[in-house]
Amino acid sequence: GENVEQHPSTLSVQEGDSAVIKCTYSDSASNYFPWYKQELGKGPQLIIDIRSNVGEKKDQRIAVTLNKTAKHFSLHITETQPEDSAVYFCAASILGNTGTASKLTFGTGTRLQVTL
Amino acid sequence: GAVVSQHPSWVICKSGTSVKIECRSLDFQATTMFWYRQFPKQSLMLMATSNEGSKATYEQGVEKDKFLINHASLTLSTLTVTSAHPEDSSFYICSARDSLAGAKNIQYFGAGTRLSVL
């Protein structure tokens, strides 16, 4: 089955700096990679996702890059703000052509702390 | 965006009692819902996949008779923790996949239920 590794487990940056979180996956068939943000005591919220037919996707201060050959993908947050402090999870799954999808396999999470 | 409502958000129960958690998709239909369990400072562990109108598919090691799942409609799935014990204390999170956007595999998550068994 799929195995997703995520690094680092904790990350502390100063406000305004950039933060990068990296994930690797094992199943070359995986083609859908979402990122979730989880605040304390709450459920995960989808912040950005990428499919294997593109190498990069950006949404304002958040961007995700994908290297299919190396089987790794990364989350980039620029101009970090205190409200970006949360736990971030990467995930991987397989989307079928007929709309079927395998279950999401999550990384172990990264606790991001943005300090003033 | 799509909203998944999960209730209750927090429940305390005595050992041996049963607890039901509800998961509703408020503005979309979900043929597939998922139940996760999360221990402190750990990742989400999938417990089971719930398909509307059929039996749930449980992950290896998850007791189906202890964690009863019902998905009777396109907008509601329930998880019942039967004969709860202190080791069942955890954070339970549901998610729902938008049926109309199934090809996109977007899963929306509820806010979670913190279960404490005394």
Spin-label pair B:Thr57/A:Glu56, simplified geometry with 7 Å Cα→Cβ offset, distance in nm: 3.6 nm
For q values of 0.12 Å⁻¹, compute log₁₀ I(q)/I(0) with the Debye formula on a Cα-only model of the protein assembly as shown, without solvent. -0.67
Region A:32-116: relative contact order in percent, alpha carbon pairs under 8 Å with at least 6 residues between: 27 percent
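Rounded to the nearest 5, what % of the DSSP beta bridges within the protein assembly as shown are antiparallel ones?
Bridges in the protein assembly as shown are about 90 percent antiparallel.
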Using only Cα atoms, what Kirkwood radius does chain B have, in angstroms? 14.1 Å
Which of A:Ser102, A:Ser85, A:Ser30 fluctuates most in a GNM of chain A (C-alpha springs under 10 Å)? That residue is A:Ser102
Within chain A, what whole-number % of the accessible surface is contributed by carbon and sulfur, with the 1.4 Å probe and all protein chains included in the calculation? 47 percent
With the 8 Å Cα cutoff and a minimum separation of six or more residues, region B:8-62 has a relative contact order in percent of 22 percent
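Hey, can you find the accessible area per residue of chain A for me, probe 1.4 Å, expressed in square angstrom?
On the way: 5850 Å² over 116 residues.
That works out to 50 Å² for each residue.
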Any cysteines in the protein assembly as shown with zero other Cys Cβ atoms under 4.7 Å from their Cβ? List them, or say none. B:Cys13
What does the accessible area of A:Val4 come to, in Å² to the nearest 10, when a probe of 1.4 Å is used? 10 Å²
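How big a patch of accessible area, both sides summed and in Å² to the nearest 100, lies buried between A and B at a 1.4 Å probe? Please list the in-between numbers first.
Working: alone 6640 and 6560 Å², together 11640 Å².
Using a 1.4 Å probe, the pair buries roughly 1600 Å².
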Evaluate the relative contact order of chain B (contact order divided by residue number), counting alpha-carbon pairs under 8 angstrom at least 6 apart; express in whole percent. 37 percent
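What size of dipole, in debye to the nearest 20, comes out for the protein assembly as shown about its Cα centre when the only charges are +1 on Lys and Arg C-beta atoms and -1 on Asp and Glu C-beta atoms?
Details: 22 positive and 21 negative charges, 60 e Å.
Roughly 280 debye, rounded to the nearest 20.
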Distance in nm between label sites at A:Glu79 and A:Leu40, each 7 Å beyond Cα in the beta-carbon direction? 2.7 nm
Across bins of 10 angstrom width beginning at 0, how are the C-alpha pair distances of chain A distributed, in whole percent? 15, 48, 30, 7, 1
Among A:Gln45, A:Gln60, A:Gln81, the residue with the largest mean-square fluctuation in a Gaussian network model of chain A built from Cα contacts under 10 Å is A:Gln60
Let me make sure I get this right: for region A:4-47, a, b and c are the square roots of the gyration tensor eigenvalues over alpha carbons, sorted descending. Under 1.5 in a/c it's rounded, otherwise prolate if a/b > b/c, else oblate. Which is it? oblate
Dipole of the protein assembly as shown (Lys/Arg Cβ +1, Asp/Glu Cβ -1, origin at the Cα centre): which of A:Ser12, A:Gly55, B:Ser90 lies farthest to the positive side? B:Ser90
Pop the C-beta distance of A:Thr108 and A:Thr69 into the FRET formula with R0 = 25 Å and round what comes out to the nearest 0.05. 0.60
Which of A:Thr65, A:Thr24, A:Thr78 ends up with the largest GNM mean-square fluctuation for chain A, with Cα atoms connected below 10 Å? A:Thr78
Accessible surface of B:Leu74 in the full protein assembly, 1.4 angstrom probe, to the nearest 10 Å²? 50 Å²
At 0.36 nm per residue, and after removing the present C-alpha to C-alpha distance, how many nm does the segment from A:Ala29 to A:Thr115 gain when stretched out fully? 27.1 nm
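The values are calculated or read from the model by the stated rules, or taken from the named source; none is laboratory data. The structure presented is a predicted model; accordingly, all values stated were derived computationally and were not measured. We place every Cβ from the backbone using ideal geometry, glycine too, and count neighbours over all the protein chains shown. Accessible surface is based on the protein model in full, side chains and every heavy atom, while ligands, DNA and RNA are left aside. Shrake-Rupley method; radii C 1.70, N 1.55, O 1.52, S 1.80 Å.
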